[in-house]
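The values are calculated or read from the model by the stated rules, or taken from the named source; none is laboratory data. Every value quoted in this text rests on a predicted model; they were computed, and no experiment measured them. Heads up, the Cβs are rebuilt from the backbone with ideal geometry, glycines too, and the neighbour counts pull from every protein chain shown. Surface accessibility is based on the protein's heavy atoms, side chains included, excluding ligands, DNA and RNA. Shrake-Rupley method; radii C 1.70, N 1.55, O 1.52, S 1.80 Å.
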2 protein chains.
Amino acid sequence: SPPSKSSYHSLFTSPSLSDNFSISNHLHTLTRRPHVAGSEANAEAAAYVLSIFTSSNIQSHIASYEVSLTYPVSRSLTLARPPPEPPTTFNLRQEIYDGDPYADVADQVQPTFHAYAKSGNVSGPVVYVNYGRVEDYMTLKEMGVNVSGAIALAKYGKIYRGDIVKTAYAAGAIGVLVYTDRKDYGGGGGDVRWFPDDKWMPPSGVQVGSVYKGLGDPTTPGWASTRECERLSEEEVEKGGDVPLIPSLPVSAADGETILRSIGGQVADEDWQGSKDAPTYRLGPGPGIVHLNYTGKQIIGTIQNVIGVIEGAEEPDRFVILGNHRDAWTFGAVDPNSGTAALLEIAERLGKMQKKGWKPRRTIVLCNWDAEEYGLIGSTEWVEENRETLASRAVAYLNVDCAVSGPGFHASATPQLDELLKRATQQVQDPDNSSQSIYDSWVSSNNSLLIERLGDGGSDFAAFVQHVGIPAVAMFFGGGYPVYHSMYDDFIWMEKYGDPMFRRHVAVASVWGLVALWLADEEFLPYNYLSYSQELQMYTKELEDRISDKNVSLTPLFKSIEELTKAATTVNNQIKEMKERKGWASIWNKDPLKVRELNDRQMMTERAFTDRDGLYGRSWYKHLIYGPSEHDDYGSSFFPGIDYAIEKAKTENTTETWHLVQREVWKVSRAIRHASLVLKGELT
Amino acid sequence: SPPSKSSYHSLFTSPSLSDNFSISNHLHTLTRRPHVAGSEANAEAAAYVLSIFTSSNIQSHIASYEVSLTYPVSRSLTLARPPPEPPTTFNLRQEIYDGDPYADVADQVQPTFHAYAKSGNVSGPVVYVNYGRVEDYMTLKEMGVNVSGAIALAKYGKIYRGDIVKTAYAAGAIGVLVYTDRKDYGGGGGDVRWFPDDKWMPPSGVQVGSVYKGLGDPTTPGWASTRECERLSEEEVEKGGDVPLIPSLPVSAADGETILRSIGGQVADEDWQGSKDAPTYRLGPGPGIVHLNYTGKQIIGTIQNVIGVIEGAEEPDRFVILGNHRDAWTFGAVDPNSGTAALLEIAERLGKMQKKGWKPRRTIVLCNWDAEEYGLIGSTEWVEENRETLASRAVAYLNVDCAVSGPGFHASATPQLDELLKRATQQVQDPDNSSQSIYDSWVSSNNSLLIERLGDGGSDFAAFVQHVGIPAVAMFFGGGYPVYHSMYDDFIWMEKYGDPMFRRHVAVASVWGLVALWLADEEFLPYNYLSYSQELQMYTKELEDRISDKNVSLTPLFKSIEELTKAATTVNNQIKEMKERKGWASIWNKDPLKVRELNDRQMMTERAFTDRDGLYGRSWYKHLIYGPSEHDDYGSSFFPGIDYAIEKAKTENTTETWHLVQREVWKVSRAIRHASLVLKGELT
Ligand SMILES: [Ca+2]
Ligand SMILES: [Ca+2]
Ligand SMILES: [Zn+2]
Ligand SMILES: [Zn+2]
Ligand SMILES: [Zn+2]
Ligand SMILES: [Zn+2]
């Protein structure tokens, strides 16, 4: 008889199929040149991914889209100070260090800029706005600092940069500069050294990125950017509210500090200050006056998702999807090609398993996305195009973006996959402690078994979870890292600081692949909805604390969650019973349609958490349990519709606005009830 | 070996299982008393349906909802004329004829009224507005007749009465009377006789009905009216725009004629006039002045859907759903209990087949809806509650409302079921011509093989098709009939004029049940999407003629339809191939998951014609191919979003409004593309 599925799964994570040398080679090849979305270098990288997929016996093709992308055309930034100090013109360049092996291709790095920044020529006094959050502007208001007509100088570090610009605009700023403070990215100042001598961001390093707040091509909201499709005009895009209406530019720690020195006025709060040896940060406005002139060009460029498909032998119409993006702002060693290297490792392992006779029960789809950096564009366009098919066939989406930037396992998931994720980490050795599993290290870490949720717009899971309602997982080793989105995110940095032995890469490939294999091969889909109902109950209790003094009833929520708990228990028992029965008479009692029925109920339950009308005022977002928080696309919130309504009600505090909170509570509880009916599989 | 499926299907339509006597008995029992939604009599009728289902070995239950219903409390209508003529006070009663066997329960008929009419006390000069359509008001405007401040007197007959009231309100009317003209319902006047001596409406007969334009309980738009659910306030309901804002009342032909005699002013056009012996119809306003005082009460009442389930032996999670409503404005012999009697006949035939060993492959669900008359409430609430489950499991919905009101077969369908419907009519004898099939008579009739579409709000298919995207069929013998929604729609009328031998009832049960049986039992679902793409092409060509002089490109539509045609051809070939292969080696080659995959693609294709965001401004309507036309809920339009945009653009004729037509064209073409991708079953 052929080897069992589980022996293949053991093989998958075994040393015989794991190859850190090959991963390192993949990463080295992928990061030879900067490869921003739409560039020839990124098309070359796509061809490389395609070739590895194909040579691993995976049927592959390129899914192209024509999307709106922006590139910088000209930038100038000068600072005028009160006489006698001379004005400063910033050179806006990231320095090449002595012996940098990438010096000859450094000019292929895009000049530092913000994707989708508004072109414009503005000058005004500078106001220091800390991290540029809503609460920071509230502090400024309390202190009597007027941002109107000023250029806001904000630090990166707490919220998505698109929200920094949007919030500054709302406060009346006419331009925005965003810099990386040494305290956050430079190791804290003092005699700390920086790349290549240490992992920290060099003083000239600039964190570039997008300031677009939407998902997918801004000119095709909700539909795929196929050739000759409908497109919004620039005017319509601006009306949509997701692109900035004032110019902005990212600047280095050094330039940020120069500008900070030009600002007078009140001294900023202690927690707004920089590292010990930094100057005293003051709020302004001025007297330093910044003149920012930015011109970008918007083009329709071709992007390329590489899609590889291993067709399921028994259930070809059920998809387990793995995804990672390929495009990078610069070299992309951490972000995102550590993930791409892991994906290629998985492809190769699966190729070898196929040679040994393994075939997945369900279809496995490997996706290598383009233009994630611009706004999750490659994945979003593909999901928008395949929405209906995915809605009826996708079992799960498994995302890895930056796979490795250091030690320490982190994960996110929709809750029905929590258990599976934990189970997988038990099967894989901790790359930083060979005496225990990733799970063991995770248990004893600061973030002990903490699983984040997937309501934010931080990577390519967003369209899968928030637009279609597909169970999902994301994972990585490390976390925030100093050279993020700068020219220094290259192979040298990875080799020296991120993952010298590439064992963390191997570990990510193992966990990621194992989760996929179990989802693809196990007869009964390994979901557990009890975790979901427990999470929901926790959120509702938090909500209760938050609005205990308000006239809002959470009873409908609690009731619907109770119903979900019952349905989850029932389905778990049914599976257990059927497994036992199958074991007892496995041949003559085989009934693939009965198993399918149980699996489908669970697969479709996540879909039922979405609402067709979507979030109020943000209708692309269909998921009612997880979505982005209003003022930070990198922030995830539970019950985003309720959350938004509460924020509004707290501000306006009218009967009407609190009534809207109650309406959102009803809406969510109905979605949970729909989910429990689907999980039960019964008609009322 | 057990009898084959097809021998059971032949049995189903054979004389041995057909029982016109039993159908007549069912109808007689169901129509003993008036049984409006929410009444005790209707609960009794529900119990009867439940008992027949149960005794036919069908697992049954009642799905109740708590919904907003209205009843009349007081009505008065007087007509003042210029002196010396005395004022008339109308008694607003439908007369009981000599020997009426239902005389003793006639007082259980609700006083004539409009459900959800606005309560109010208004008086004003009368304007005659013909059928109350938008074009009728345009004629009035051209003729200089001002409706503002007047009471509109409209005839029933062309559009939904809710639209009569809404359009009158938009024209400035302060109240509306709607009467049944003898020319339309009375046999044309002259020496024509009426019920009980002929089929025509008596002069005192009144067509009651709803004037609510929405679907489902007005207080729960989009969600189910379960006990203790969220409800809109009366104010919020009125803001929604689907309930009338001025009072209205239905009146008899006699009362309508009396009022018409009081109207002076210009003589109405020839085609606005009544039957030969009618007075000359003039337009007004006045001098006749009507005083209308109407008070209704709005309550939350319990309604009861009776649901019977025959679980599928092989695919229990695929549903073939048959539906018919039970509630009636009065006795409901035609509307709707001719359909209920047919449904009970089907239940009994299936019960007998089960005794002989038949089990359906898929689950058959029999639904007997409540409160259809008020606004498709029973079916809509159930669909809203079970939306997610239905979306992933429903194969088709088969509706019969008025099963029989005379001879002549009529049908509607979503186009992938056209072929099946024709096939079924070939298997059933024409009840009015025993020498040929229904199909043969249909071919040679005026409406030769005409299959209407299901975009209107005329019966309980609406939520299934337009809200969820479920393939559907509806059928009946006869059509519009004179005593519609009056007190005279009783068993006597049916026995004398509608179906004296109850053979038409038998025939409806046979066709309806056979369509259901084939959908439930055939291994490969009997859809054909080539009919769909042909229909779409026809619509697009019609569209092309309609806007040929406008700067709107229909290329995206034509392209997407071409893609659908290709996908339909492919799937048809795949099925053919698989059937042949199965025939060749039917036992060892049986692969239920492969068959399921092909079936699912086709089942879900209809879903893909829906858009989650729905029609612009009417977001409950998710279907982009079929929906109600803007000014008539009884009118069905194709591409309702495009249709609406064109009407608007024709009125406003700006670049902007024509641009919106183009956007709607894009939207529909994307839905068709989604459908073709689902039908192909491939990821891009
Ligand atoms: Ca798009
Ligand atoms: Ca409702
Ligand atoms: Zn990334
Ligand atoms: Zn990134
Ligand atoms: Zn009816
Ligand atoms: Zn009716």
Practice task
For helix A:161-170, report the angle its Cα long axis makes with the longest principal axis of the Cα atoms of chain A; keep it between 0 and 90° and round to the nearest 10°.
Solution key: 50 degrees
Completion exercise
One can check that the equivalent ellipsoid of the range A:126-282, built from the alpha-carbon gyration tensor with semi-axes equal to the square roots of five times its eigenvalues, has lengths in Å, largest first, of 32, 21, 11
Completion exercise
Along principal axes, largest first, the alpha-carbon spread of chain B in whole Å comes out as 93, 65, 54
Problem - Per residue solvent-accessible surface (Å²) - the protein assembly as shown, probe of 1.4 Å - result: 36 Å²
Practice task
Rank these by accessible area, largest first, 1.4 Å probe: B:439, B:71.
Solution key: B:439, B:71
Practice task
Sort shortest first the distances from residue A:359 to its counterpart in every other copy, using label points 7 Å along the Cα-to-beta-carbon line, and give them in nm.
Solution key: 3.0
Exercise for the section: Any chance you could tell me what percent of the C-alpha pair distances in the range A:310-359 go past 18 Å? Expected result: 46 percent
Problem - Inter-copy separations for residue B:444, label at 7 Å along Cα-Cβ, nm, ascending - result: 9.1
Practice task
From the P(r) of the range B:29-188, can you give the percent of Cα pairs sitting at distances over 24 Å?
Solution key: 54 percent
Completion exercise
With the range A:375-425 reduced to its Cα atoms and the Debye formula applied, log10 I(q)/I(0) at q = 0.16, 0.21, 0.24, 0.26 1/Å amounts to -0.68, -0.97, -1.06, -1.10
Fill in the blank from the handout: Here the averaged projected area of the range A:288-393, based on the convex hull of its alpha-carbon atoms and given in nm², is 9.9 nm²
Exercise for the section: Taking each pair of different alpha-carbon atoms in the range A:398-474 once, compute 1/r for the pair, average those values, and report the inverse of that mean as the Kirkwood hydrodynamic radius in Å to one decimal. Expected result: 13.1 Å
Completion exercise
The answer for the longest stretch of chain B without any exposed trypsin sites (Lys or Arg not before Pro) (DSSP loop, at most 13 further Cβ atoms within 10 Å) is B:357-589
Fill in the blank from the handout: Charge tally for neighbours of residue A:326 with beta carbon under 9 Å away, counting Lys, Arg as +1 and Asp, Glu as -1, is -3
Practice task
Give, in whole angstrom and from largest to smallest, the semi-axes √(5λ) of the equivalent ellipsoid of the range A:362-491, with λ running over the eigenvalues of the Cα gyration tensor.
Solution key: 26, 20, 12
Handout entry: Alpha carbon Rg of the range B:341-382, scaled by the compact-globule rule 2.2 N^0.38 Å
Key = 1.51
Handout entry: Listed residue (A:403, A:266, A:413) projecting farthest to the positive dipole end of chain A, Cβ model
Key = A:413
Exercise for the section: Please provide three numbers in whole Å: the alpha-carbon extents of the range A:441-487 along the principal axes, with the largest listed first. Expected result: 35, 33, 12
Handout entry: chymotrypsin sites (Phe, Trp or Tyr not before Pro) restricted to DSSP loop in the range B:140-222 with at most 14 other C-beta within 10 Å
Key = none
Problem - Per-bin percent of Cα-Cα distances, the range A:474-520 [10 Å] - result: 23, 45, 24, 8
Completion exercise
For residue B:412, the net charge from surrounding residues (Cβ-Cβ under 14 Å; K, R +1; D, E -1) works out to -4
Completion exercise
Expected output for the range B:606-652, residues with a loss of 30 Å² or more in accessible area relative to the chain alone at probe 1.4 Å, reads B:612, B:613, B:622
Practice task
Could you tell me how many degrees, from 0 to 90 and to the nearest 10, lie between the Cα long axis of helix B:592-608 and the main elongation axis, the longest principal axis, of the Cα atoms of chain B?
Solution key: 20 degrees
Problem - Cα gyration tensor of the range A:1-86 - equivalent ellipsoid semi-axes, whole Å, descending - result: 47, 20, 12
Completion exercise
Helix-only [θ] at 222 nm, chain A, -39500 (n - 2.57) per DSSP H run of 4+, per residue, nearest 500, equals -12000 deg cm²/dmol
Problem - Dipole magnitude (debye, nearest 20) for the range A:380-460, charges at Cβ of Lys, Arg, Asp, Glu - result: 300 debye
Practice task
Working from Cα positions, state the angle (0 to 90°, nearest 10) between the long axis of helix A:555-584 and the longest principal axis of chain A.
Solution key: 40 degrees
Exercise for the section: Can you check what the Kirkwood hydrodynamic radius comes to for the range B:546-684, Cα pairs only, in Å to one decimal? Expected result: 17.0 Å
Problem - Rounded, prolate or oblate (a/c below 1.5 giving rounded, otherwise prolate when a/b exceeds b/c) for the range B:501-592 by Cα gyration tensor - result: oblate
Exercise for the section: Relative to the compact-globule scaling 2.2 N^0.38 Å, provide the ratio for the alpha-carbon radius of gyration of the range A:140-209. Expected result: 1.32
Handout entry: Label-to-label distance, nm, for residues given as residue A:280 and residue A:579 (7 Å Cα→Cβ offset)
Key = 6.6 nm
Exercise for the section: Taking the Cα atoms of the range A:172-228, report the difference between the largest and smallest coordinate on each principal axis, in whole Å and largest first. Expected result: 55, 33, 15
Practice task
Could you name the residue in chain A with the C-beta closest to the rotation axis that superposes chain A on chain B, along with the separation in whole Å?
Solution key: A:612, 2
Completion exercise
Dimensionless Rg/Rh of the protein assembly as shown, both radii on Cα and Rh by Kirkwood, sits at 1.02
Fill in the blank from the handout: Quick calc, residue A:544 & residue A:228: beta-carbon distance into FRET formula, R0 41 Å, rounding 0.05, result 0.20
Exercise for the section: In nm to one decimal, list the spacings between the residue B:558 label point and its equivalents in the other copies, with label points set 7 Å along Cα to Cβ, shortest first. Expected result: 6.3
Handout entry: Cα-only radius of gyration and Dmax that characterise the range B:409-561, units Å
Key = 18.4, 58
